[in-house]
Amino acid sequence: VANEIQADARRRSLISVAAAAIGATIVADYSQEYQWAQKNFRSLYIEPLAEETQNKAFPTALLSGDLDVAIAKTLGSRGFTPANTIFAHSVCSDEVNNKDEQLVALMVNRWQEGFSLGGLAGLPFAGKSGFRAFLHHVPDEGKLLVCFAPHVGIDAAGKVGALQRDGQTKVSKACGAAVGAYGVISSKGAATSKPSGGNDDTDLFDPQLNTIVNLLEPRLGGIEKAVDPISFVTYQMYAIVRDLIDECVEGTPDVWDFANEVSIIGGIMINRYKGGDFFQPLSFETRVKDGSSKGKVIDLYDEAFGNKPDLVGVLGSDEAVANLYDRSKRAKL
């Protein structure tokens, strides 16, 4: 009887493995077909005003599927594989960023797993402790891959910071945390006291939102020159998240005891009701173990995406663009 039970268990294991393999193939085929159809037929159902706004505010944004492929191609040439790489993402906890066939799901599927570092607005609220936990899961002498991004919606009228969500007729904010933080800062400028209570977007009885407000406020110089304030805010949120991710990597002294390469892709996730979500890449670098705490930094942006976007028209001045890319004054929690 025991032998029969053991044999039956083995048969079930074989059937499970076979079913999983077939299922994975079907899912992969479906995903590829979906990405192809989305890219080739989106002109039939896109929202023209949203498309026009996106092209102005995020001029070199890529469809999620195209970005996923570009990252995989670039890192594949450096020896990154699902077997030797562990993937983490620091994006906003908003459910709109976790939809099937969009960036997080695509990258988790490609790299086989995903560690979540992000909280509201994409800030890595998991902190150094969370990053260390992620680090300790890397395959022996393996590689880390981190994708980070704040997000922003664009509605059918072309308004940045707004999004119609599935199942809702009204438009809501996206990113609610970033828009809410900007609202708090604007209110502070117009009144002597901080707003409190009554509005979920501006209630400072919330440690994550409070942190976002404190980090965003000193970065708003020059916003009056920008074409759109929420676009300006979103780019500043990118810089804040970038600085905090840098702090996690460089503030973890034993990172190179576990990994031999750390690759980091950063940008802005753009949520759309129709036509698929996009990603505006703004940085892509890899760091290789070289005996220093920072590692040898290699810029992969041009190889993966070509020239960086011209953001003067978006941010309002050359100074604002320079400040965006300036990493000498790092944001810290």
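The values are calculated or read from the model by the stated rules, or taken from the named source; none is laboratory data. Computed from a predicted structure; not experimentally measured. These accessible areas exclude ligands, DNA and RNA; they are computed on the full protein's heavy atoms, side chains included. Shrake-Rupley method; radii C 1.70, N 1.55, O 1.52, S 1.80 Å.
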*asked:* Can you sort 186, 328, 172 by solvent-accessible area, 1.4 Å probe, largest first?
replied: 328, 186, 172
*Would you list 230, 268 from the most to the least accessible area, probe 1.4 Å?*
230, 268
*Give me the distance between the Cα centres of segment 63-114 and segment 141-181, rounded to whole Å.*
18 Å
*May I ask you to evaluate 6.51 cos²θ - 1.76 cosθ + 1.60, the Karplus curve with θ = phi - 60°, for each residue of segment 238-250 and list the ³J(HN,Hα) values in order in whole Hz, giving x for glycine and proline?*
4, 5, 5, 5, 4, 4, 6, 5, 4, 5, 4, 5, 6
_Per-residue SASA entry for residue 173, accessible area with 1.4 Å probe, Å² rounded to 10_ = 90 Å²
_residue 85 long-range amide H proximity, modeled H, under 5 Å_ = 143
*Among 73/308; 159/329; 159/274; 99/332, which pairs are too far apart, with a Cα-Cα distance over 20 Å?*
159/329; 99/332
*Given H placed 1.01 Å from N in the peptide plane, which residues other than close sequence neighbours of residue 282 have an amide H under 5 Å from its amide H?*
266, 267, 268
